[in-house]
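> Got a structure for you, questions after.
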């Protein structure tokens, strides 16, 4: 039985993959599941359905999280790209605070550059996802996620118990 992909465009697939790579709120590992045609977190057991994900035997590829230092560096690059030294200074001051990610977002909102920041961040995250796809031999072709097989493995819950 072939599972239909939920991705109709390469852009929507890249967007989901970029989100998975950048979402540090989710502590669980995330995988690209070629069998189920989705990007999702590993679930130990879904009690509402009584089953585990991924299923035993699914073909998966681990999705690396973007290190926080890289995301921090992107905030610095964005601040440097602003042509207003007052705004740049406020953004850098936010990066020196105890919670720099939320402080930076607040400073970007306060200074009126939040939409510019979101566009910058999204372009960068999408380029990170595309790079991951190249490195892992993954693409979306004819509406299906495909991989060259060099980075895939067959899921086994026994392997995860370690």
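Here, each number is a calculation from the coordinates, and none is a lab measurement. Computed from a predicted model, the values in this text were never measured in an experiment. FYI the Cβ positions are ideal-geometry reconstructions off the backbone, even for glycines, and counts take in every protein chain you see.
> When you check residue 131 against the structure, is it free of Cβ contacts under 8 Å to residues at least 40 places away in the same chain and within 15 Å of the chain's Cα centre (by Cα), yes or no?
yes
> Here's a follow-up. Looking at this structure, is residue 158 without any contact (Cβ under 8 Å) to a residue 40 or more places away in the chain and either within 16 Å of residue 18 (Cβ to Cβ) or in a strand (DSSP E or B) (or both)?
No: the conditions fail for residue 158.
> With the requirement that a residue be assigned to a helix (DSSP H, G or I), under 20 Å from residue 124 (Cα atoms) and over 25 Å from the mean Cα position of the chain (by Cα), what does region 73-89 give you?
Scanning region 73-89 gives a single hit, 88.
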